[in-house]
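In what follows, a single structure is set out as structure tokens and then discussed.
The values are calculated or read from the model by the stated rules, or taken from the named source; none is laboratory data. Not measured: the values here are computed from a predicted model. Reconstructed Cβ throughout: ideal geometry from the backbone, glycine too, with neighbour counts over all protein chains shown.
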Amino acid sequence: MNQRTTPTILLVYPSSFYYPMEQERFEIKSSLLLLGSFLVQYFPVIYADFEITIGRPTGNIQIKRFERQVKAFLENQSYDILAISCWTSLSYMATMSVAKIARELYPEKLVVVGGYHPSAIPEDFLTADNIIDYVIKGEGELALMQIAENYPTAKRPSETKIVAGATILPENFIGMNWDIVESFLKTNFPAGLRSVALYLSRGCPFDCSFCMESLKERRWHPYPPEMAVNEVNSAAEQLKVSAINLGDACFGLQSRWRKEFFTRLIERNPNFWITFETRPELFDEEDVKLLSHLKVAIELGVESFSPYILGLMNKTKNPQKFLDDFRKTSSLLNQYGIVHMANLIFNHPGETERTLQETFAVVDELIDISDSYLIWACHDYMHYPGSFLDRNKEQFEKEYGTRILVREWWKVNEDQLVNCRKVIPSSGLSDDKLKLWRSMYKERENRIKNSLHPDAFQFAAETYSPSWRRDPRYRPTTSK
């Protein structure tokens, strides 16, 4: 496949404003690199990540410094199309800042934005002076390729265009081209990466209330198993990482694909960790037996143990069976010594003291199991635009007394991670009761620690519970 000499596409992750530095998120943006890997077959591509090279500003002085450095970078780049990844709403302000700087520097060059936030609220990117030329809703490969193909004759549109990005078909899937970021990695990660995220499938047929994934193609389509295994091994070998994080929205949805992937991966005898999130009802004992041959940690997206909240979340049409499946899967994973996490979301709209009690009743049941490999990943509900709940927030407000306190938190000049969580879930769970779930967890924390197998305790301390590193049971490890 012959690459053209023009136009040159500059792919940029713009960073985030008002997202505290202590909330570490410094990683290779694999979704952006995957986009670049597709486009570089046809056009010259440059990769840039301002979060890594400049940082995440949290105040006016830092933002001005950030903008000066962005301007200096863009002044030294030769490109025709600037494509900005506004991956989530946390990057909205940085996206608009970078776009404005680019437009002031280069009035004739194209500026394109894509990602979850543009897919949810494309109107957020429409300005009176048309800073942005194209807003892509959905997947970006084919839409951006079409924009680039038309560039030599079409030039800039007279007003911002919102473009629906068609879904790329499995036969056109392309693996990661790590050459695109070779010099970037050498400069910014001279000691190497500890882990990297990969995507082995696209699409999710579910419509969980809190998730933005439904903005994209719903049909699940994966790499062929052999190609998926090659992707994992190629990344591990080229980057020398100790962990591969599979970021699929719904990993391993099809049983046949899943088992073939695990079988082929075992044949390669990998010595690195593999993590992924999936649904608890998908896995059977054959899957778990296969997983026992790998260094693996699994996140189970159970989200709540309250049948009522599971219904509100659209997690399942049969909450009791869903919870029974979780118990069964967790029991099998314990039996085979596999670390697994229960992801729990608290203060979801509609949450009450009763539903919290329902969840912690199951927690109590599960932490009575000794030498368990089940650890807990708990956090507050975060409100994102474009989700089912956002589209139906008036209904939740009317029925439960839910209040979204900062409706457009991505435009607020203060800690956005805090503001996206400023939600009153129900009229009966407000004010001082918003922290009730935390106190309920804290009351059980020692029991949770004591229930764990030493390997699971170690994993929890290194990932989800850093305060546990002060516990004498923790064994400090060295890593690059």
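If the condition is being touching a helix residue (DSSP H, G or I) at 6+ places or on another chain (Cβ under 8 Å) and either free of Cβ contacts under 8 Å to residues at least 24 places away in the same chain or surrounded by 15 or more Cβ atoms within 10 Å (Cβ to Cβ) (or both), then the stretch 463-480 contributes Trp468, Arg469, Asp471, Tyr474, Arg475, Pro476, Thr477.
Listed by first and then second residue, the pairs with beta-carbon distance under 7 Å, at least 6 apart or on different chains, first residue in the stretch 89-102 and without any contact (Cβ under 8 Å) to a residue 40 or more places away in the chain, second in a helix (DSSP H, G or I), are Ile101/Glu67; Ile101/Val70; Ile101/Lys71; Ile101/Leu74; Ala102/Leu74. For the stretch 371-403, the set of residues classified as touching a Lys or Arg at 6+ places or on another chain (Cβ under 6 Å) and outside any loop (DSSP other than H, G, I, E, B) consists of Asp380 only. Just one of the listed residues (Asn314, Asn343, Asn334, Asn347) is of a type in the set (S, T, N, Q) and buried (at least 22 other Cβ atoms within 10 Å of the Cβ), and it is Asn347. Of all residues in the stretch 160-175, those that are at pLDDT below 95, under 30 Å from Glu408 (Cα atoms) and either assigned to a loop (DSSP other than H, G, I, E, B) or over 24 Å from the mean Cα position of the chain (by Cα) (or both) total 2. The listed residues are Tyr47, Tyr79, Tyr134, and the only one of them that is out of contact with any Leu (no Cβ under 6 Å at 6 or more places or on another chain) and hydroxyl-bearing (Ser, Thr, Tyr) turns out to be Tyr134.
Which one is farthest from the chain's Cα centre (by Cα) among residues in the stretch 428-466 that are among the small types (Gly, Ala, Ser) and either closer than 23 Å to Asn245 by Cβ or at pLDDT 95 or above (or both)? It comes out as Ser451. If the condition is being farther than 18 Å from Gly301 by Cβ and in contact with a Gly (Cβ under 6 Å, 6 or more places away or on another chain), then the stretch 338-395 contributes only Thr352.
Note on the stretch 15-102: enclosed helices (runs of 4 or more DSSP H) holding 2 or more residues that are in the same structural domain as Val135 (by TED's automatic domain parsing) and closer than 27 Å to Thr153 by Cα are 30-39, 60-75.
Tell me, yes or no, whether the stretch 312-326 has at least one residue that is at pLDDT 95 or above, of a type in the set (Phe, Trp, Tyr) and more than 21 Å from Tyr464 (Cβ to Cβ). Yes, the stretch 312-326 contains a residue that is at pLDDT 95 or above, of a type in the set (Phe, Trp, Tyr) and more than 21 Å from Tyr464 (Cβ to Cβ). The residue that is nearest to Lys442 (Cα to Cα), counting only those in the stretch 351-366 that are polar (S, T, N, Q) and touching a residue at least 40 places away in the same chain (Cβ under 8 Å), is Thr359.
Residue-by-condition table, conditions (1) modelled with pLDDT of 95 or more; (2) within 17 Å of the chain's Cα centre (by Cα):
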{"residue": "Ile244", "(1), (2)": "yes, yes"}
{"residue": "Cys250", "(1), (2)": "no, yes"}
{"residue": "Trp257", "(1), (2)": "yes, no"}
{"residue": "Phe276", "(1), (2)": "yes, yes"}
{"residue": "Val296", "(1), (2)": "yes, no"}
{"residue": "Glu303", "(1), (2)": "yes, yes"}
{"residue": "Ser306", "(1), (2)": "yes, no"}
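The single residue among Glu445, Glu414, Glu397 that is free of Cβ contacts under 8 Å to residues at least 12 places away in the same chain, assigned by TED's automatic domain parsing to the domain that holds Glu351 and either surrounded by fewer than 12 Cβ atoms within 10 Å (Cβ to Cβ) or farther than 25 Å from Gly350 by Cβ (or both) turns out to be Glu445.
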